[in-house]
1. Within the bounds of the range 259-271, is there any residue that is closer than 25 Å to VAL306 by Cβ, open to solvent by 40 Å² or more (accessible area, probe 1.4 Å) and touching a helix residue (DSSP H, G or I) at 6+ places or on another chain (Cβ under 7 Å)?
2. When only residues in the range 312-364 that are outside any loop (DSSP other than H, G, I, E, B), closer than 30 Å to MET22 by Cα and of a type in the set (Val, Ile, Thr) count, which is most open to solvent (accessible area, probe 1.4 Å)?
3. Can you give me the number of residues within the range 209-226 that are open to solvent by less than 20 Å² (accessible area, probe 1.4 Å) and free of Cβ contacts under 8 Å to residues at least 40 places away in the same chain?
4. Would the range 73-83 turn up any residue that is crowded, with 18+ Cβ neighbours inside 10 Å, among the β-branched types (Val, Ile, Thr) and more than 23 Å from the chain's Cα centre (by Cα)?
5. Which of the residues that make up the range 84-113 are over 17 Å from the mean Cα position of the chain (by Cα), open to solvent by less than 40 Å² (accessible area, probe 1.4 Å) and at pLDDT 90 or above?
6. For SER324, all conditions in the list (1) among the polar types (S, T, N, Q); (2) without any contact (Cβ under 8 Å) to a residue 12 or more places away in the chain; (3) more than 19 Å from SER132 (Cα to Cα) hold save one; what is the number of the exception?
7. Count, please, the residues in the range 118-135 that happen to be of a type in the set (S, T, N, Q), outside any loop (DSSP other than H, G, I, E, B), closer than 23 Å to THR371 by Cα and open to solvent by less than 50 Å² (accessible area, probe 1.4 Å).
8. When you scan the range 52-63, do you find a residue that is closer than 30 Å to LEU281 by Cβ and surrounded by 14 or more Cβ atoms within 10 Å (Cβ to Cβ), even just one?
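The values are calculated or read from the model by the stated rules, or taken from the named source; none is laboratory data. Quick caveat, the model's predicted, so the values are computed rather than measured. So basically every Cβ, Gly included, is an ideal-geometry build from the backbone, and we count neighbours across all protein chains shown. Side chains included, ligands, DNA and RNA excluded: accessible areas come from the protein's heavy atoms. Shrake-Rupley method; radii C 1.70, N 1.55, O 1.52, S 1.80 Å.
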Amino acid sequence: MRILLISAYEASSHKAWANTLMNGLAQHEWHYLSLPARHFAWRIRGNAMSFAFDPQFKPQIEQEYDLVIATSMTDCVGLKAFCPNLQNIPWLLYFHENQFAYPASDKQQGLIEMQMVTLYSALAADLCVFNSQFNKDSFFGGARALLKKLPDYVSPDWLNDTETNAQVLAVPLDMTAAASKQLAVEEGEKKASEPMKLVWSARWEFDKGPDRLLAILEELERRQLDYEIAILGEQFRSIPKEFDQIQAKFAHRIRQFGFAPSRAEYLGFLASSDIVLSTALHEFQGLAVLEAVALGCVPVLPDRQVYPELFGNHLNEKLYLYQSDLKDIQNEAERAVDLIQRIVTDDVKAADVSQYQVQVLLEHYEKLIDTYQH
């Protein structure tokens, strides 16, 4: 099949997902278009115009295709209007996230505009696919709530068929052979090391809870626990002030501060850690956490967002999740450190996340694509 794959806001995880599909399902003829991950509000509103009319994209987008797979940032309605050749072929819309479940922020100008673009795209697509059940539920719940607020000539029931047909299919974990080798090399070091090794890997933005990370580190110090931490993740032009405080107060604990120089080194930090810690207020799949767990880290996660879906079944909910407290950061920090101490005392092992590995999930992607074969 000739497949047009569109990433309208190419964050690093979106790019990795696209490459995994193209490399793993190479029997198809892929054509990939992307726009840089910057100017978030403009990118969502303007991507159809950019793809349809910018000279660098126009020749490729005007070719004939059998299927379009687009990320949910893509303005499907605009692209279909501008590109007649894309109107009568199937569109699959993939949701890495949605615009209805972001925590409150002072940077939300134009949020309803962005929500409406995504809502239009969902209604225009042939199939919506989400990376988690939490993502799916929060999208349709938020979209219905928005429709109920609009003045007239709208109905939440318009989403019924779209939701009924929607599927959940996670982003695959593409853990290379090099990563497995790195794990084997680092495993002995893990067992021999005296301080417990923590890793926190998320975007350096407010919705990943840097204030909560700071509180947890302060609580670890209060309890005089011996630990080291690698603080990884993407950084942007505006960095929350808590990271400066963390660097100043905990320099003696930090073994890496900032984006790892390479993918191999990043996986090395994960493989050499004992515990992966999250403080996220906003998480739709938790890919960084899943990668760390696949490399042997025990997860310590708040019981909110997607984490109960991943690690909260009746067998292990007490093992990996600490009590979320959105109103009291100190209380949440204490619960997190309680869990860290229990994991160390009880020698808790990492969860099995093999169902998210690329060799498992690519089969599901292939079956999905096959349903659109002529």
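1. no
2. If we filter the range 312-364 for residues that are outside any loop (DSSP other than H, G, I, E, B), which is where we start, we get 317-322, 329-346, 354-364.
Remaining after also requiring closer than 30 Å to MET22 by Cα: 354-364.
Still in the list and also of a type in the set (Val, Ile, Thr): 358, 360.
Working: VAL358: 24, VAL360: 57 Å².
Residue satisfying both the conditions and the ranking: VAL360.
3. Looking only at the range 209-226, we keep the residues that are open to solvent by less than 20 Å² (accessible area, probe 1.4 Å), and these are 209-210, 212-217, 219-220.
After this cut, where a residue has to be free of Cβ contacts under 8 Å to residues at least 40 places away in the same chain as well, the list is 214, 217.
Result for the range 209-226: 2.
4. No, the range 73-83 contains no residue that is crowded, with 18+ Cβ neighbours inside 10 Å, among the β-branched types (Val, Ile, Thr) and more than 23 Å from the chain's Cα centre (by Cα).
5. Answer for the range 84-113, where residues must be over 17 Å from the mean Cα position of the chain (by Cα), open to solvent by less than 40 Å² (accessible area, probe 1.4 Å) and at pLDDT 90 or above: ASN85, LEU86, ILE89, PRO90, TRP91, LEU92.
6. Failing condition for SER324: (2).
7. The first filter runs over the range 118-135 and keeps only residues of a type in the set (S, T, N, Q), leaving 118, 121, 131-133, 135.
Retained after the next criterion (residues that are outside any loop (DSSP other than H, G, I, E, B)): 118, 121, 133, 135.
In the following step, the residues that additionally are closer than 23 Å to THR371 by Cα were identified as 121, 133.
From what is left, the residues that are open to solvent by less than 50 Å² (accessible area, probe 1.4 Å) are 121.
Residues in the range 118-135 being of a type in the set (S, T, N, Q), outside any loop (DSSP other than H, G, I, E, B), closer than 23 Å to THR371 by Cα and open to solvent by less than 50 Å² (accessible area, probe 1.4 Å): 1 in total.
8. Let us first name the residues in the range 52-63 that are closer than 30 Å to LEU281 by Cβ, namely none.
Looking through the range 52-63, none of the residues is closer than 30 Å to LEU281 by Cβ and surrounded by 14 or more Cβ atoms within 10 Å (Cβ to Cβ).
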